[in-house]
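The values are calculated or read from the model by the stated rules, or taken from the named source; none is laboratory data. Not measured: the values here are computed from a predicted model. Neighbour counts run over all protein chains shown; Cβ positions are idealised from the backbone, glycine included. For accessibility, only protein heavy atoms count, side chains too; no ligands or nucleic acids. Shrake-Rupley method; radii C 1.70, N 1.55, O 1.52, S 1.80 Å.
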Amino acid sequence: MLDLINRPRQLRKSEALRSLVRETRLTADDFILPLFACPGKNFRREIPSMPGVHNLSVDEIAREAAAAFAIGVRGVILFGLPESKDETASGAYAENGIVQQTARAIKREVPELIVIADTRLCEYTSHGHCGVVCNGAVLNDESLELLARTAVSQAQAGADIVAPSAMMDGQVGAIRKALDQAGLGNVPIMSYAVKYASAFYGPFREAADSAPAFGDRRAYQMDPPNVREALREAELDVAEGADILMVKPATVFLDVLKLVRDRFNLPLAAYHVSGEYALIKAAAENGWIDEKRVMMETLTSIKRAGADIILTYYAREAVQALS
């Protein structure tokens, strides 16, 4: 028998020992739960491609948020499905828009819960793009004013954080300036700094009814093969006043997440997106994997790569698994 000096297995032989030396630890505070608000009352519709995720009326979302908070979820991010859409996304920045209504309702129900408002236009435009469109092109600078108005409206409605996701150049700076001018300089910006034009958003587009009416979003979302560009995008958002950076999607861009973590000292979020969630759900429903174990391995990989905050549709299940 070999005379072994180094025996790493000695620290793996029981759960108590494995836990004692565990290098990466998930906590309930890591997770943000995405919620989809829609018009109506007492309305609840499961999204077929995202089992366990629903479109919810404002009253139902308030109850859902309170229930999530009761089990340990500390934050939600809101997406809205307006009653009507138009060319200028007026529902995004309306005082009584769907996200604004929802933010106020949640704050009445559970004031301690962190409410993040996703600041975008695509759910509210008739063409489904994230900005002003002219002759088939999405105009960057003309879209900034609408994004800034949306962020101010969301913050005035009670959102604790605004999260611009349109990938318009200069959006963070425009929003920071508008918040400051509105006396809302204490509202943080969680920037979707590194958002790729990913095929993993398919189920989300069903949930949010936000598929573009023509073309796609590759002219403004990032090209998946690019990494150096991600660092440049993050650097620009830091310079414009972002308080938190985000990488989206999470698991298929863990390498990018790690690079952003190593380069910048701001809090870092990662979005475990709808397609990543749906893949696990589909495999679990077919009996091919242990859903709970795969969920926890996946979320652990995101934190191990450097995320401080994880946006995931598994937030409730993860918090319960950790309790």
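Worth a mention:
For (1) more than 13 Å from Leu35 (Cα to Cα); (2) assigned to a helix (DSSP H, G or I), each residue gets a yes or a no:
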{"position": "Ala70", "(1), (2)": "yes, yes"}
{"position": "Ile77", "(1), (2)": "no, no"}
{"position": "Ser84", "(1), (2)": "yes, no"}
{"position": "Asn96", "(1), (2)": "yes, no"}
{"position": "Val99", "(1), (2)": "no, yes"}
{"position": "Ile106", "(1), (2)": "no, yes"}
{"position": "Pro111", "(1), (2)": "yes, no"}
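- Taking the listed residues Ala239, Ala270, Ala199, the one that is open to solvent by 30 Å² or more (accessible area, probe 1.4 Å) and closer than 30 Å to Arg45 by Cα is Ala199, with no other qualifying.
- Filtered by the rule that a residue be of a type in the set (A, V, I, L, M) and surrounded by fewer than 19 Cβ atoms within 10 Å (Cβ to Cβ), the range 90-109 gives a lone residue, Ala94.
- Meets criteria (open to solvent by 10 Å² or more (accessible area, probe 1.4 Å), of a type in the set (A, V, I, L, M) and not in a helix (DSSP H, G or I)) for Val133: yes
Yes/no per residue for (1) open to solvent by less than 20 Å² (accessible area, probe 1.4 Å); (2) within 18 Å of the chain's Cα centre (by Cα); (3) touching a residue at least 40 places away in the same chain (Cβ under 8 Å):
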residue	(1), (2), (3)
Asp160	no, yes, yes
Pro164	yes, yes, yes
Gly183	no, no, no
Phe204	yes, yes, yes
Asp216	no, no, no
Val247	yes, yes, yes
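- Scanning the range 130-146 for any residue that is closer than 28 Å to Arg74 by Cβ and modelled with pLDDT of 95 or more turns up nothing.
- Of all residues making up the range 285-323, the number that are polar (S, T, N, Q), in contact (Cβ under 8 Å) with a residue 60 or more places away in the chain and open to solvent by 60 Å² or more (accessible area, probe 1.4 Å): 2
- In the range 93-119, the residues that are more than 20 Å from Ile189 (Cα to Cα) never reach a residue that is charged (D, E, K, R) and buried (at least 24 other Cβ atoms within 10 Å of the Cβ) with C-beta atoms less than 7 angstrom apart, at least six apart or across chains.
- Among the residues of the range 306-323, those identified as in contact with a Ser or Thr (Cβ under 9 Å, 6 or more places away or on another chain) and in a loop (DSSP other than H, G, I, E, B) are Tyr313, Tyr314.
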